[in-house]
Amino acid sequence: MKERQAGKKLSKVFVVTLVSKDGREIPCETSNSQIQYQGQAAQFITMRDISERKKMIDALLQSEKFSRAIIKYSPIGISVRSHTGKLLSANKAWRNIWGHTEEEMTEFMTRERDELKFDYCDEYLGRWLPALERVYKEGGYLHVPDIQVTNPRRKDTLYVSQHFYAIKDSSGKVDRVVILTEDITERRIAEEKIKSINMEKLEQAKRIAGTFAHEIRNALFPASASLNRIKLSSQTNDNNYEELKKYSAIAERSITRAADITGLISSYTKLDTELMPEQVNLNEVFEELLTSNKLKLDENNVQIDISGNGGRPVKSNRRQLLLAFNNILLNSIDAFEDRENRRITIEWASNGDSQEITFKDNGCGIPSEYIGRIFEPFFSKKSDSGGTGLGLAMTKRIIEMYGGSVSVQSIPAVGTTFRINLGNYESNSIGNIGNSE
């Protein structure tokens, strides 16, 4: 009042904070107007509680602060340009993608433009520039999905994906353009790797198909020859019972072998779809392995030495693991040829968070030129004795399906050792299996 009487101009509307009897602070908006009341000068004062409005303003300020924080710390580069292409703002991620310093940023943001103009650094957009120009002039949206650029500072190659959004003012003209720039280099590399893996799998499928056809032809050739011989005998009335019986047996064995090859191929190709992790006790697996092969071991005069500390259960599948171990055991039995004192040693022990299993035989060994190929599908040096070359390939695939590993060492004329590592079973580890290629 004294200030008004002194001639000082006061705001007609201003905000004050009142304190209630219970100590609460109440923001109020008050206005003070001079009026005539009953012929005398008077002050007309209004006061309004603006607590709710203040809460809304504070919430908006907090929301704006939150939005700015999102932009500032976003892993995606966010920049804003004027309708003439002048850089108005950019976050840290944008600067990191393009490798610009703070000084360069300041120079970009102080560079005035009277009309739309693209810089030399925009040349990477190439064929997209006409469409981008329309966004700046007419509005709309443009997505550049995958484009190769070179970081001007590090000189390395990047792949980026960009989104351009035009924002118009109240008159409908483009005021500014918001640009989202994402570095997709790692994703692109991963996609190329997957593509390479798929191509490799396709080539492997072609090799398997070709070898499969070859194996089936080889298996069925004796059957075809035998059936022709039987047919010839029937046409000449040369019905020699023993000879017909012999050729019938050859045909039957050939057809059975062809069916076995087909079954093995089917099992091998379906392994990835039969991922069934469970807790497996190695003692039980080895007990079943030796029981099911006792007759073959006795017939071949093979002595088995087996030892293990029991250990923890492993992460695998009992049926599939038994098949994998069985393939190694049969491979060792076949490797003895005419050797005497045939012995296979099976051992397993804990190795940190896994179990290490070894199969060691004193057979003829594997020549060095073949050691790197024994896990390849259809690779076999014993096809004359019925080998298909799928046994060890299946073993490797089964072991790796459950996150394990298998390796082999061999010395010709001394023996061969297969070493397998299988992870211990953990109730929370099932989701980490099956990642091998």
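The values are calculated or read from the model by the stated rules, or taken from the named source; none is laboratory data. No experiment lies behind these values; they were computed from the predicted model shown. As a convention, Cβ positions derive from the backbone with ideal geometry for all residues, glycine included, and neighbour counts pool all protein chains shown.
Need the failing condition index for Trp94 against (1) surrounded by fewer than 14 Cβ atoms within 10 Å (Cβ to Cβ); (2) modelled with pLDDT of 85 or more; (3) more than 20 Å from Asp175 (Cα to Cα); (4) not small (Gly, Ala, Ser), just the number. The single condition Trp94 does not satisfy is (1).
Only one of the numbered conditions (1) modelled with pLDDT under 90; (2) more than 17 Å from Ile399 (Cβ to Cβ) is violated by Asp305, and that is (1).
For the range 267-290, a residue qualifies if it is modelled with pLDDT of 80 or more and assigned to a helix (DSSP H, G or I), and the qualifying residues are Leu282, Asn283, Glu284, Val285, Phe286, Glu287, Glu288, Leu289, Leu290.
Filtered by the rule that a residue be under 20 Å from Glu182 (Cα atoms) and touching a Phe, Trp or Tyr at 6+ places or on another chain (Cβ under 9 Å), the range 84-104 gives Gly85, Leu87, Ala90, Asn91, Lys92, Ala93, His100.
Return the residue satisfying two criteria in turn: it lies in the range 346-369 and is of a type in the set (S, T, N, Q) and in a strand (DSSP E or B), and of such residues it is nearest to Asn424 (Cα to Cα). Filtering the range 346-369 for residues that are of a type in the set (S, T, N, Q) and in a strand (DSSP E or B), the one nearest to Asn424 (Cα to Cα) comes out as Ser354. The set of residues from the range 291-305 being hydrophobic (A, V, I, L, M, F, W, C), surrounded by 14 or more Cβ atoms within 10 Å (Cβ to Cβ) and either free of Cβ contacts under 8 Å to residues at least 24 places away in the same chain or outside any helix (DSSP H, G or I) (or both) comprises Val302, Ile304. Those helices (runs of 4 or more DSSP H) of the range 57-165 in which at least 1 residues are of a type in the set (Asp, Glu), considering only elements entirely within it, cover 102-110, 129-138. Regarding the range 329-348, can at least one residue be identified that is within 37 Å of the chain's Cα centre (by Cα), touching a residue at least 60 places away in the same chain (Cβ under 8 Å) and farther than 18 Å from Gly415 by Cα? Yes - at least one qualifying residue is present in the range 329-348.
Restricting attention to the range 15-56, the residues that are surrounded by 10 or more Cβ atoms within 10 Å (Cβ to Cβ) and assigned to a helix (DSSP H, G or I) total 5.
Could we say that Leu422 is under 29 Å from the mean Cα position of the chain (by Cα), buried (at least 17 other Cβ atoms within 10 Å of the Cβ), at pLDDT 90 or above and aliphatic (A, V, I, L, M) here? So Leu422 fits the description; yes. Mind checking which residues of the range 50-65 are among the hydroxyl-bearing types (Ser, Thr, Tyr) and at pLDDT 80 or above? Within the range 50-65, Ser51 is the sole residue that qualifies. Taken together, Arg217, Arg229 contain a single residue that is of a type in the set (Lys, Arg), over 18 Å from Arg397 (Cβ atoms), in contact with a helix residue (DSSP H, G or I) (Cβ under 6 Å, 6 or more places away or on another chain) and modelled with pLDDT under 70, which is Arg229. The single condition from (1) in the same structural domain as Phe359 (by TED's automatic domain parsing); (2) under 28 Å from the mean Cα position of the chain (by Cα); (3) modelled with pLDDT under 90 that Glu437 fails is (1).
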